[in-house]
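Student: One structure coming up, written as structure tokens, with questions to follow.
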Amino acid sequence: MTSSNLVHELLPDIETLISPQTLSALTGGSIRSVERQPLSHVDGLSGGKLENVLTNGGAGPRLVLKRIAYEWDWVMRVTGDRLCRAIVSWQTGLLDQLPLEISHEVLACARDGSGWAILMHDVGAHLIPPGDGKLTETENARFMEAMAALNAAFWGQPELADPRLGFADLRMRYGVLSPQVLEAEATGGDEIPPMAIAGWQLLESGVDPHVAQAVQRVHENPALLGAAMLAYPQTIVHGDWKLGNLGLYPEPDGPAIVLDWAWVGSGPPAVELAWYLAVNSARLPVSKEQTIEMYREALARRLGGEFDDGWWQPQLELALLGGFALLAWPKLLGAAHGSEEVRRREQAELDWWSERVLQGARRL
């Protein structure tokens, strides 16, 4: 990435980033004192470190500092993210171009030794709380509208998230949670890689052999699925619409909060939708079919004549195959080892996704 690609410059270190002078300029207020405190109870499992930044003894703006480093962050390692996509999306001005329906909350970024730091507004009060509680139908609908707004805003502009700038490569996306890739992270102390490997070990016993073969084919050659999806209209996708990254401002027409741009890249729009359906399945208030149709209607309304079922259905089928190849492992674990309620729920998930996997596999 060259200086010609940059809209924002990194500050040299955290001390400069959160100095009273810098914070006064960023917030438009008079910041006289700054205090850092560890932030706990966050829905994040990648390895990033979060801190509260209190200003003026707690009476000033409340901010959050996220520290990221390749050495700490297994997601960065499995996705080959040596430039820090969350930073690159800010540096290149991509976040500045988000539609009004999306709020990213980033104020500024800095180097942090060999890593990076992101300073954000503290929007914890508006984030979807962790746990098993379902979204309301209104919340789900607002997320589908916001997702469609994001994807429509960047329609036909995949070059804004060119992998050569450090953004996620569609051809590698569907292999990053495969057992082959996660093996290198299995003993690193992070929670997710060994769990995912254990889940993938249940694949052949947990689903129909044809489904297992289709998923294994994607794991062994993710570029095959990525290349197939390049045949369809491209946009920019955030890539990780899990509820832990999402929030909503209380106003009915307020924006959706979308944090953690570590998976951002280009791809067909259903890349986004399939991940949302797979990772949030237990908390959806309506069926996956209803959620798909909600998003489809919102995107079609925004794209107008550029929307066509001729490309919509095949890219959806391919994306659902990809979603399962990324996130079948917790469903396999739940169906095999969960409580009776969880086993029933996750077996129904496996049945639903298995049918979509076979549909998508026929597109390869």
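None of the figures in this text is laboratory data; all of them are computed from the coordinates on show. In this text, all values refer to a predicted model and were calculated from it rather than measured experimentally. For neighbour counting, all protein chains shown are included, and Cβ atoms are generated from backbone atoms with ideal geometry for every residue, glycine included.
Student: Whose amide H sits under 5 Å from the amide H of residue 122, counting only residues 5 or more places off or on another chain, with H placed in the peptide plane?
Tutor: 62, 63, 64
Student: Sticking with this one: Classify region 239-337 as rounded, prolate or oblate from the Cα gyration tensor: take a ≥ b ≥ c as the square roots of its eigenvalues, call it rounded if a/c is under 1.5, otherwise prolate when a/b beats b/c and oblate if not.
Tutor: oblate
Student: Please compute, over every Cα-Cα pair in region 3-125, the percentage with a separation greater than 26 angstrom.
Tutor: 19 percent
Student: A follow-up question, please. Compute the distance in nm between two label points, each set 7 Å from the Cα along the Cα-to-Cβ direction, one at residue 132 and one at residue 205.
Tutor: Once both label points are built, they end up 2.4 nm from each other.
Student: Output ³J(HN,Hα) for region 250-266: one whole-Hz value per residue in order, computed from phi by the Karplus curve 6.51 cos²θ - 1.76 cosθ + 1.60 with θ = phi - 60°, and x for Gly and Pro.
Tutor: For region 250-266, the Karplus-derived couplings read x, 5, x, 9, x, x, 7, 8, 10, 9, 6, 9, 7, 10, 5, x, 9 Hz, x marking Gly and Pro.
Student: In region 132-361, with Lys and Arg counted as +1 and Asp and Glu as -1 at Cβ, which of these residues, 360, 224, 258, has the Cα nearest the positive end of the dipole, that is, farthest along it?
Tutor: 224
Student: Then there is this: Is the shape of region 57-125 best called rounded, prolate or oblate, per the rule: a/c under 1.5 gives rounded, else a/b larger than b/c gives prolate, else oblate, with a ≥ b ≥ c the square roots of the Cα gyration tensor eigenvalues?
Tutor: oblate
Student: Which shape class, rounded, prolate or oblate, goes with region 105-178 when its Cα gyration tensor gives a ≥ b ≥ c as root eigenvalues, a/c under 1.5 marks rounded, and past that a/b bigger than b/c marks prolate?
Tutor: It comes out oblate by the Cα gyration axes.
Student: If packing is taken as the average number of other Cβ atoms within 10 Å across a peptide's residues, how do 113-125, 348-360 rank, most packed first?
Tutor: Sorting 113-125, 348-360 by mean packing, highest first, produces 348-360, 113-125.
Student: Please list, in order along region 123-129, the HN-Hα scalar couplings obtained from phi with the Karplus expression 6.51 cos²θ - 1.76 cosθ + 1.60 (θ = phi - 60°), rounded to whole Hz, x for Gly and Pro.
Tutor: Here the 3J(HN,Hα) series is 10, x, 5, 10, 7, 5, x Hz.
Student: At what distance in angstrom do the alpha carbon centres of region 117-189 and region 84-98 lie from each other?
Tutor: About 14 Å separates the Cα centre of region 117-189 from the one of region 84-98.
Student: So which aspartates and glutamates pass the test for residue 288, namely a Cα distance under 15 Å, with those fewer than 8 places away in the same chain ruled out?
Tutor: Cross-link targets: 137, 139, 272, 297, 317, 346, 349, 351, 355.
Student: Something else now. What span do the alpha-carbon atoms of the chain cover on each of the three principal axes, reported in whole Å from largest to smallest?
Tutor: So the extents along the principal axes, rounded to whole Å, are 63, 50, 41.
Student: Calculate one ³J(HN,Hα) per residue across region 175-188 by plugging θ = phi - 60° into the Karplus curve 6.51 cos²θ - 1.76 cosθ + 1.60, and present them in order as whole Hz with x for glycine and proline.
Tutor: x, 6, 10, 6, x, 4, 7, 6, 4, 5, 9, 4, 10, x
Student: Please give the charge dipole size of region 222-353, origin at the Cα centre, charges +1 on K and R Cβ atoms and -1 on D and E Cβ atoms. Round to the nearest 20 debye.
Tutor: Dipole of region 222-353, to the nearest 20 debye: 280 debye.
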